[in-house]
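Okay, so here's the structure we're looking at.
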Amino acid sequence: MQDLMPTATSATISTTPTVPPFPPASPTSTASPASPASPAALNSAPSTREYVERFQRDGYVLIEDALPVEFVAAVRHAFMKAMEAKVARLGLAPVKPTDGRDKSNDKVKIDFQPEGGNHDLNRWNMHLPTQSEFLHELLIANPVALPVIKALLGPAPVAFLIASDTPYPGSGFQNIHQDFPRFGLTVNVPLVDFTEDNAPLEIWPGSHVRDGVFHTGKADLSEAEIKALVARVPGKRMLIKAGSMLIRDQRMVHRGTANTGTAPRPCLAIWYKNLDQYRITSLTIPVPHRSVANRLARVALRLRQEGRGTSGAVASKKLVNLGNFFGRVVEETSASDRDYRREIPSDMWARFSPDMKSLLRFASVQGTPGGGRSAIGSAILLAAGAVFSMRAWQLKRRLPGDGSSRT
Ligand SMILES: O=C(O)CCC(=O)C(=O)O
C-alpha cells in the first residue's frame, strides 16, 4: 500500500530527541512524508471508504506513513524514557523460559504467563503517561485514522485505553488469541520498524468473523476453532514501519512473537470502542462514577503488586493476570484509563480539539468533576470488584504453589 500519502504533517513536538537506544529506522521509513497539498498525493491516498472496506474484509487495515518521522522520533524518545523508568521501578529481572516459549508456542486463547515482564515472557505493557507527546492529536485523533474509526464505530467513539506493548529481547510467543470476542478497535503505532527478529505482531487475516461477512456482533472463537483456523490459514507477520498505523479488529486472531534481536520493540496500542458495545445481554452498561472507578483501579493495582512480589521474580502469574484483567475491566466500563494516576492537566485539556475532547470525555481532568456518571454502572462495577477480590483472596491463599515462578 505504498500509494497512501499522509495528510498529517504538523508535528507540534519541539523536543530534539537525543540518539535513542534503537537501531536506526530503515531508509524507506526515514523519508519525509510527502506534502498533503500535492495533487498526486491526494489522488493516490486511499479514501476512508477504501480503508474501511479493507478493514471489513481482512480484520485490519494499515495506514502507511501516517506520522511524520521527527514526531515519531520524539515520541519514541519520550516513550523509552518512561518505559525504562517503569522497568527499573518494578524490578523484574529478564528470564530465560523453561518451557520453550522463546522458540515456539502451539497454545491458543489468552493465558499470558508474566515472567521477566508484567505482561508475559519479557514483554512489558505500559499505559502511556499523561504527557503532551502521548496525548497528542496525531496519535489519538489522527486525521487519517479517525474518520476510519468513526466509520466503523459510529460518530462518538471513546479512546478508553492508551497503552503500549514492548517485547524486550528474549520475549516469547504469546498464545494465539483474540483480544475480545466483541467488536472494538486497537490502533497499533510501531515506534520502530518491525522486523523478522524483533517480535513482529502475527495476525490471521479474516479471522474477525466466522463466515466472511462483516458484522459488529460477538465472534467468540473456541479453542478448537482457533486451532482449526491456524492449521488452515498461515499467519501473517506484520513487518510494518515506524510511524504507520495498524487498525485492527479486536476479534481478529493474533499474537506477539519472539524477540530474538538485541533491542526492545516498542509499539503503542490505543483502544477505541463505541460505548454501546459493552453490554450484558442487550443492556448497555452505563459509565460508573469516577470515584468508584478510581477506587477499583487501586484494587487492580494492588492485585498486580501482590502478584509481582518483591523478589525481582514474579510471585504469582495468576495474580498478575487477574490484576491486569481487572484493570482492563475497570478501564473499559469507566470508558477511560485516565484515572487518578493519569489525570489530564486543565491547560492541556484546554488545548485539545473537539475530537480529542470527545474521545477522552470520560477522562479525569484536573479541576473538573468529570462527565456523565451512573449509580447503576457504579453498582455493576463494584460487584465486579467484589468477584475479582474474592478470586484474588483464593489465589493468595494458594501462594506460592499456584504454578508460578516464585523461587
Ligand atoms: O505487541 C505485542 O507484542 C503483542 C500485543 C498483543 O497482542 C497482546 O498483548 O494482546
With r as the distance between the Cβ atoms of Asp106 and Arg398 and R0 = 41 Å, compute the FRET efficiency 1/(1 + (r/R0)^6) and round to 0.05.
0.90
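What is the extension gain from Glu84 to Thr368, computed as 0.36 nm multiplied by their sequence separation minus the C-alpha to C-alpha distance, in nm to one decimal? Could the numbers behind the result be given before it?
Details: separation 284, 0.36 × 284 = 102.24 nm, distance 3.19 nm.
Result for the pair: 99.1 nm of gain on full extension.
Among residues other than Gly117 whose Cβ falls under 14 Å from its Cβ, what is the net charge (Lys/Arg +1, Asp/Glu -1)? Please list the in-between numbers first.
Details: positive: Lys86, Arg89, Lys96, Arg101, Arg123, Arg265, Arg304, Arg308, Lys317; negative: Glu84, Asp102, Glu115, Asp120, Asp165.
Net charge in that neighbourhood comes out at +4.
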Gyration tensor on Cα atoms of segment 60-274, a ≥ b ≥ c root eigenvalues, a/c under 1.5 rounded, else prolate if a/b beats b/c, else oblate, says oblate
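Just subtract the alpha-carbon distance of Arg210 and Glu50 from 0.36 nm times their residue separation and send over the number in nm, one decimal.
Values: separation 160, 0.36 × 160 = 57.60 nm, distance 2.20 nm.
Result for the pair: 55.4 nm of gain on full extension.
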So what is log10(I(q)/I(0)) for segment 206-362 at q = 0.09, 0.19 1/Å, when the Debye sum runs over its Cα atoms only?
-0.44, -1.44
Low-density loop cleavage sites - GluC sites (Glu not before Pro) in segment 117-219, where at most 15 other Cβ are within 10 Å (DSSP)
Glu196
Across segment 155-287, how large is the tail of the calculated P(r) beyond 27 Å, expressed as a percent of all Cα pairs?
24 percent
Expressed in angstrom and rounded, the centroid-to-centroid distance over alpha carbons for segment 324-380 and segment 86-105 is 32 Å
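Laboratory data are not the source of any read-out in this text; all were calculated from the coordinates shown. Everything numeric here is computed off the predicted structure, so don't read it as measured data. All Cβ positions, glycine included, derive from the backbone under ideal geometry; neighbour counts span all protein chains shown.
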